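Structure first, commentary second.
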Amino acid sequence: GRSPGPDRRGAAMTAPLRLTDYRARGYRRLPSSVRDFVEGGAGEERTLGANLRAFGRVVLRPRVLVDVSAPDTATELLGAPLATPVGVAPTAYHRLLHPEGELATARGAGRAGALYVVSLFASRTLEEVAAAATGPCWLQLYWLRRREVLADLAGRAAAAGYRALVLTVDAPYLGRRHRDARNGFAIPPDVRAVNLDPALMAAAHRPAPGRSALAVHTAEAVDPSVTWSDLAWLRARSPLPLVLKGVLTGEDARRAVEHGADAVVVSNHGGRQLDRAPAALDALPEVVDAVGGACPVLFDGGVRSGADAFAALALGARAVLLGRPVLWGLAADGADGVAGVLGVATEELAHTMALTGRPSLSVLDRSAVSLAAPR
Ligand code: FNR
């Protein structure tokens, strides 16, 4: 046959095959300060790097002569069936990346049969996002100083059909993100956290040389005095299950269970909060052991392929969330890009399940992986 002409070959070369293929496409048209905001981490970005490197130590232990003719990625979370255990982590301000913002993300997640955790700082109303969604959505919250706002959001989420509240507990203050400080990064005036009162959000839009407007805003808006004993107050304001995101130790996992958490998310916020926090993957077994099956454990941080997702699921996660890769897909191609990222991750997961002889998530356990020593 004839070899493909230059155009066709070019198309074949640039067709996204892996999650990282979406990154360059996504950032093509975006300002470098937005790229820095998304890609960056806190401090020396040690934890950011460690999240990725931890997956490099995972070795898979394949079993053979298993019927793998129909690998099945289906699962269930807090009563909702999901076609895939790979979901969307809460990330702020999707209109920075695509004009449709969170509506595109909701459509893409729905198409993939994936869970979507919507950020408190969404740039579309939580009601519009729920209306665009065809799969389960959870609403993420930070503990605001203004408790009446928190109570109102909890009520709105239940009324709009959200199925859980996710309280992020690793950000009493914003991490020291040097890229954003150097860029004097502020959220542009046309992108708004529309679920919150404009007066509450003003500082996030006020550029200041050498400072991150988001750090200033967080210090103003988020209550750093909140403790375990406050959780009951939030619970009493909503019938929804309560999920705690940002648990990294067995001690806190046990406390979460004692306080009736309906799920926990092992996460270091993608390396954006405490630098030198452990790689998320390294914290996962300790949390899974401490929880001891009392509630589902979710995972995020550094997942860049379906094989990475497989590793976290083998180490005991019930579901795995993608932060930055979903934003790459969104920026590259809106809902199609989000569905593409989730679809590639799910296909790679199914393929890994087949080649390791674990055709369903119910047979996946720690015997599927070993961890090589850190290099
Ligand atoms: C985040 N993350 C985050 N978490 C949260 O609870 N609420 C939020 O509003 C945000 N916003 C946010 C914005 C951006 C640009 C990023 C990259 C991340 C953290 C997010 O939920 C998740 O923990 C990490 O992104 C997971 O790591 P990966 O997949 O990005 O490596």
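Amide H of V369: which non-local residues (sequence gap of 5 or more, or other chain) have their own amide H closer than 5 Å, using H built in the peptide plane?
R61
Rounded to the nearest whole Å³, what is the per residue volume of the convex hull around the Cα atoms of segment 30-371?
116 Å³
So for the pair E76, W228, with labels modelled 7 Å out along Cα→Cβ, what separation do we get in nm?
Here the modelled spin labels are 3.0 nm apart.
Given H placed on each backbone N at 1.01 Å, which residues far from L77 in sequence or on other chains put an amide H within less than 5 Å of it?
L82
Run the numbers on segment 59-208 and let me know its relative contact order in percent, using alpha-carbon pairs under 8 Å that are six or more apart.
Relative contact order for segment 59-208 comes out at 20 percent.
If R₀ is 56 angstrom, what is the calculated FRET efficiency for the pair R366 and Y173, using the beta carbon separation as r and rounding to 0.05?
It comes out at approximately 0.95.
Mind listing the phi-derived Karplus ³J(HN,Hα) values for segment 76-88, rounded to whole Hz, using 6.51, -1.76 and 1.60 with θ = phi - 60°, and x for any glycine or proline?
Values per residue, Gly and Pro as x: 9, 9, 6, x, 9, x, 9, 6, 9, x, 9, x, 9 Hz.
Given the Cα-Cα distance of R25 and R146 and 0.36 nm per residue of separation, how much length would full extension add, in nm?
39.6 nm
If packing is taken as the average number of other Cβ atoms within 10 Å across a peptide's residues, how do 192-205, 346-359 rank, most packed first?
For the peptides 192-205, 346-359, the packing ranking is 346-359, 192-205.
Tell me, in nm to one decimal, what length is gained between E220 and D289 on full extension, where the rule is 0.36 nm per residue of separation less the Cα-Cα distance?
Here the answer is 21.2 nm.
Do the sum for the chain: with -39,500 (n - 2.57) for every DSSP H run of n ≥ 4, divided by all residues, what is the mean residue ellipticity at 222 nm, to the nearest 500 deg cm²/dmol?
-12000 deg cm²/dmol
Output the direction-averaged projected area (hull surface divided by four) of the convex hull of the alpha-carbon atoms of segment 304-354, in nm².
Here the figure is 3.2 nm², rounded to one decimal.
What whole-number distance in Å separates the alpha-carbon centres of segment 146-169 and segment 318-375?
29 Å
Once you put a point 7 Å from the Cα of L65 and another 7 Å from the Cα of L52, both along the Cβ direction, what distance in nm separates them?
Going from the L65 label point to the L52 one covers 4.1 nm.
If you take the charge dipole of the chain about its Cα centre, with +1 on Lys and Arg Cβ and -1 on Asp and Glu Cβ, which of G357, A345, P209 is farthest toward its positive end?
Of the candidates, P209 comes out farthest on the positive side.
Please report how far the C-alpha centroid of segment 86-108 lies from that of segment 228-270, rounded to the nearest whole angstrom.
24 Å
Could you work out the relative contact order of the chain? I mean the mean sequence separation of Cα pairs under 8 Å and 6+ apart, divided by the number of residues, in percent.
27 percent
We did not get these values from a lab; they are worked out from the coordinates using the rules stated. What you see is a predicted model, and the numbers here were worked out from it, not measured in a lab. All Cβ positions, even for glycine, are placed from backbone atoms using ideal geometry, and neighbour counts span all protein chains on display.
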